[in-house]
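Working notes, beginning with the structure itself.
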Amino acid sequence: MIQKLLAAAVLLLALPMGCGKPQDKKPSPAPRTVEGVKKPGEARTPYYLGLIEEYRTILAEDPHNFAALIGSGNAYYDSGEWKKAISMYEQALAIDPRNADVRADMGTAYLNLGMPDRAIAEYRLALQHEPGHLNARYNLGIVYANNKKDYAAAIRVWEEILKIAPNYPRADHIRAMIKALKTGKMKAAR
């Protein structure tokens, strides 16, 4: 029972993670989070349909508007329309293929579509372009632990975060997940 509660607590703590980086000097579009799979059209707020329509209007006039492509992708993401989000992110990446934030967001959208291997590929590309992208690294650990059951890989990824940024906002959470994996408590509950 305690093992199941620990695993549930670890999973719940793992879900609300953003892909934005606290060390960024410039603001980026709203960060995406790994929150578990949602159904298409399952919006968290009622405003996304109007927002999507506004982005469509902008993109009809300027189909290469980078900010509108990302914003549209984020709005689709937030409304649970993963395929449409990915489509918009792909268009944004056609303009800037090295954008680690967009790559990480797209990875999370793939994860929400049940495609953990594709998510891993996107997180790795984000890290190739920006090795210090801590949330892409964090999300990579989540996929290794929760989807691939490769606990050693998850621990390695999270320990790298703690080396790179010991004061990372989720450092205590990472330490707790590493401890749970090392003690086998997470394995037993899964």
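Below is a table of values for the structure above.
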read-out	value
Separation of the residue 62 and residue 147 label points, Cα + 7 Å toward Cβ, nm	3.3
3J(HN,Hα) from dihedral phi, region 141-149, Karplus parametrisation 6.51/-1.76/1.60, rounded to Hz, x for glycine, proline	x, 4, 5, 4, 6, 7, 9, 8, 6
Calculated from backbone phi, Karplus (6.51, -1.76, 1.60) coupling profile of region 58-64 in Hz, x at Gly/Pro	4, 6, 5, 7, 9, x, 10
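We did not get these values from a lab; they are worked out from the coordinates using the rules stated. Computed from a predicted model, the values in this text were never measured in an experiment. With ideal geometry, Cβ positions are generated from the backbone for all residues, glycine too; neighbour counts draw on all protein chains shown.
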